[in-house]
Amino acid sequence: MTQGIYKILSNRCVAKNTFEMVLEGDTSSLRLPGQFINILLDGCFLRRPISVCDYDSFHITIIYKVVGKGTALLSKLNEGTSLDILCGLGNGFDTAKSGFSPLLIGGGAGIPPMYALAKQLLIEKKKPIAILGFNTADEIFYREKFEALGMHVLLCTADGSIGIKGFVTDAIRNTSYLDYSFYYACGPEAMLKAIYHTCSTDGQMSFEERMGCGFGACMGCSCKTKYGNKRICKDGPVLNKEEILW
Amino acid sequence: MVDTKVCLSGLTLDNPIIPASGTFGYGYEFADLYDINILGSLSFKGTTKNPRFGNLTPRIAETPCGMLNSVGLQNPGIEKVISEELPKLAACFHKPVVANISGFSAEEYAYCCKLIDQQPQVGIIEVNISCPNVHNGGMSFGTTPESAAAITKTVKSVTTKPVYMKLSPNVADIASIAKACEESGADGISLINTLMGMRIDIKRKKPILANITGGLSGNAIFPIALRMVWQVYEAVSIPIIGMGGVSSAEDVIEMMLAGATAVQVGAANLIHPFICKDIIENLPSVMQKLGISNLKQIIGGAHQ
Ligand SMILES: Cc1cc2nc3c(=O)[nH]c(=O)nc-3n(C[C@H](O)[C@H](O)[C@H](O)COP(=O)(O)OP(=O)(O)OC[C@H]3O[C@@H](n4cnc5c(N)ncnc54)[C@H](O)[C@@H]3O)c2cc1C
Ligand SMILES: Cc1cc2nc3c(=O)[nH]c(=O)nc-3n(C[C@H](O)[C@H](O)[C@H](O)COP(=O)(O)O)c2cc1C
Ligand code: FES
């Protein structure tokens with residue numbers, strides 16, 4: 001983990017209540033897709049944890065949904081503003097487990113980390129398939145970005161306004177040609193649970209919890225696993241399917 | 001050159017800064033960030049007789065200028081703390097530590113304190129009496145002078161190291177409880193623990209914390225903590241470790257002027273992981289600016 005000051009290069013609306021922010025600063029503590037950053041905001045006591053959607057040596061891209069006070073504040077910040085950020089938090093996804101063609105399953109605000117993961121898997125010459133789930137058509141973001149990576153993308157909306165009608169698990173069940181070796185998933189807990197019971201292969205899931213620190217000091221985010229208590233922020237947010245107690 | 005050394009029951013600290021229990025783990029998360037040997041000391045996570053997972057999540061909620069936690073004393077239990085955590089802590093922190101102990105009965109306190117007393121790296125035993133007394137309808141041990149005195153006596157009878165009683169602020173008369181601890185042999189007083197509070201999610205129309213209530217900490221509680229340190233200083237003559245919302249060298253000076261000999265920093269570590277280092281580095285220049293050459297001399301200074 002590192003603490004640093006990051007400059008906002010852009011902050012734009014990419015879908016309904018959803019923003020993409022590009023930050024400039026030290027990314028040396030980022031090791032794997034699935035890690036997150038913790039952002040200090042003027043007017044909020046606690047930092048806000050947001051997944052890294054994309055990064056290179058000097059930039060971090062995040063995508064966040066406005067759901068409350070902190071994300072609303074974040075959405076109003078202008079280019080050039082500096083932010084105090086803890087970077088390189090969490091364990092991240094393990095791409096060594098993927099096999100040749102893993103499924104990347106993202107739901108809503110859980111989609112961003114799947115983008116960095118897709119890029120990494122493609123670098124490793126694997127053939128990932130993305131399943132992106134949204135509630136409605138106006139919430140859709142990054143569809144073209146995933147497609148531009150040259151991978152197969154299945155889109156579903158809960159109201160059926162675009163793509164497959166239903167949840168990501170409906171897409172998995174109803175797409176007969178899907179042949180996958182492993183899955184990675186991030187999204188609302190109900191979605192993760194449904195995937196856990198739908199997909200028979202091994203997988204990794206990224207979890208959310210309300211956090212005090214984000215780096216393992218406060219025990220605010222603990223959960224029980226098959227291998228004992230884990231802190232979502234430090235031992236997670238990514239857990240292996242087989243250790244999840246569902 | 002200014003002198004930042006302070007003395008707690010015969011133990012000399014290089015400076016009065018001690019990370020508060022529950023906000024610094026067993027030190028190693030922070031040892032990755034900076035050399036934690038610059039700290040005056042370190043109070044490790046509250047330890048109980050049996051391993052505890054703690055309360056269900058969500059355990060954290062934000063408040064104006066502060067936070068609520070209902071972690072519920074998650075810890076691996078005294079035996080594992082001694083066999084696994086203390087050796088790891090010793091590898092990165094070479095000064096005497098403050099051992100924070102909790103319990104749900106007098107026997108549990110005695111059991112843990114007796115074992116922790118034998119650990120060479122422990123300098124002070126800090127007895128948290130804010131947890132519910134399971135033999136007495138769940139009322140916290142720290143809420144009456146009688147039960148606080150009883151736990152103090154129990155712990156003192158099985159230990160040789162300095163015992164600091166950590167008081168709950170959720171009481172009507174903090175001074176009488178501190179006095180009862182002093183009369184029962186306490187070597188010092190730590191205060192304050194968190195203030196009981198709650199938040200409701202107005203969209204879900206349900207409490208945010210799974211436990212419903214939690215303990216408030218952070219800047220919001222600083223004036224309350226300061227007032228209580230002030231009152232306890234007037235009531236007792238044993239040293240006080242002051243805490244609650246401290247996040248700057250100026251706050252440290254203010255706590256000491258109210259009567260604290262040393263100061264703990266809690267929630268601020270979670271938001272600003274380098275805060276203790278920053279405070280320690282700023283302290284000399286803030287002292288100089290205020291014309292303070294020897295920190296010891298300002299303890300309780302505002303009472304004169
Ligand atoms: C590891 C991790 C990665 C995340 N990645 C993303 C992402 O890439 N994009 C995105 O849109 N969202 C992400 N989230 C969720 C995001 O942290 C919350 O939406 C955000 O904290 C809400 O803050 P707020 O002030 O707007 O809401 P408020 O409800 O006003 O926040 C109040 C408090 O609750 C906490 N909180 C509220 N909702 C959540 C939640 N779902 N998870 C954790 N804490 C919460 C806040 O951090 C804050 O401390 C992630 C969460 C975690 C734990
Ligand atoms: C997440 C968290 C966990 C805590 N755990 C303990 C504990 O195990 N034992 C204890 O005596 N106090 C515990 N406390 C209380 C702190 O040590 C301190 O007394 C209190 O938070 C006030 O200081 P602050 O405002 O600087 O945080 C905890 C506080 C927080 C925020
Ligand atoms: S949020 Fe503090 S330990 Fe995970």
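The values are calculated or read from the model by the stated rules, or taken from the named source; none is laboratory data. Quick caveat, the model's predicted, so the values are computed rather than measured. Please note: Cβ atoms are built from the backbone with ideal geometry, for glycine as well, and neighbour counts cover all protein chains shown.
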(request) Considering only residues that are within 14 Å of chain A (Cβ to nearest Cβ) and not aliphatic (A, V, I, L, M), look in the stretch B:248-294 and name the one that is farthest from A:CYS218 (Cα to Cα). (result) B:ASP278
(message) Please verify whether A:LEU23 is part of a helix (DSSP H, G or I) and either away from ligand 3 (no atom under 16 Å from the Cβ) or at pLDDT 95 or above (or both), treating the condition exactly as stated.
(response) no
(request) Would you check if B:ILE101 is more than 16 Å from ligand 3 (Cβ to nearest atom), crowded, with 22+ Cβ neighbours inside 10 Å and more than 11 Å from chain A (Cβ to nearest Cβ)? (result) yes
(message) Within the stretch A:167-246, considering only strands (runs of 3 or more DSSP E) that don't extend past its boundaries, which have at least 2 residues that are away from ligand 3 (no atom under 16 Å from the Cβ) and within 19 Å of A:ILE111 (Cβ to Cβ)?
(response) A:183-186, A:203-206
(request) Confirm whether A:SER206 is modelled with pLDDT of 95 or more and over 16 Å from the mean Cα position of the chain (by Cα). (result) no
(message) Can you list residue pairs whose Cβ atoms sit under 7 Å apart, with the first residue in the stretch B:205-219 being under 21 Å from B:CYS131 (Cβ atoms) and the second being surrounded by 17 or more Cβ atoms within 10 Å (Cβ to Cβ) and of a type in the set (Val, Ile, Thr)? Count only pairs 6 or more apart in sequence or on different chains.
(response) B:ALA210/B:THR57; B:GLY215/B:THR194; B:LEU216/B:THR63; B:LEU216/B:THR194; B:SER217/B:THR194
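One line per residue, one yes/no per condition, for (1) surrounded by 20 or more Cβ atoms within 10 Å (Cβ to Cβ); (2) modelled with pLDDT of 95 or more; (3) acidic (Asp, Glu); (4) more than 16 Å from ligand 3 (Cβ to nearest atom):
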residue: A:ILE8; (1), (2), (3), (4): no, yes, no, yes
residue: A:THR27; (1), (2), (3), (4): yes, yes, no, yes
residue: A:ARG31; (1), (2), (3), (4): no, yes, no, yes
residue: A:GLN35; (1), (2), (3), (4): yes, yes, no, no
residue: A:LEU41; (1), (2), (3), (4): no, yes, no, yes
residue: A:LEU46; (1), (2), (3), (4): yes, yes, no, no
residue: A:TYR64; (1), (2), (3), (4): yes, yes, no, yes
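Residue-wise test of (1) surrounded by fewer than 19 Cβ atoms within 10 Å (Cβ to Cβ); (2) in contact with a strand residue (DSSP E or B) (Cβ under 9 Å, 6 or more places away or on another chain); (3) farther than 19 Å from A:SER181 by Cβ.
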position: A:ILE123; (1), (2), (3): yes, no, no
position: A:ILE140; (1), (2), (3): no, yes, yes
position: A:ARG143; (1), (2), (3): yes, yes, yes
position: A:ALA148; (1), (2), (3): yes, no, yes
(message) What are the pairs with Cβ atoms under 6 angstrom where one residue, in the stretch B:22-50, is more than 11 Å from every other protein chain (Cβ to nearest Cβ) and the other, located anywhere, is buried (at least 24 other Cβ atoms within 10 Å of the Cβ) and among the acidic types (Asp, Glu)? Sequence gap at least six, or different chains.
(response) B:SER43/B:GLU126
(request) Under 9 Å between Cβ atoms, at least 6 apart or on separate chains: pull out the pairs that start in the stretch B:292-304 with a residue that is part of a strand (DSSP E or B) and end on any residue that is charged (D, E, K, R). (result) B:ASN294/B:ASP3; B:ASN294/B:LYS5
(message) I'd like the residue in the stretch A:89-107 that is of a type outside the set (A, V, I, L, M, F, W, C) and buried (at least 21 other Cβ atoms within 10 Å of the Cβ) and, out of all such residues, is nearest to A:ILE5 (Cα to Cα).
(response) A:GLY90
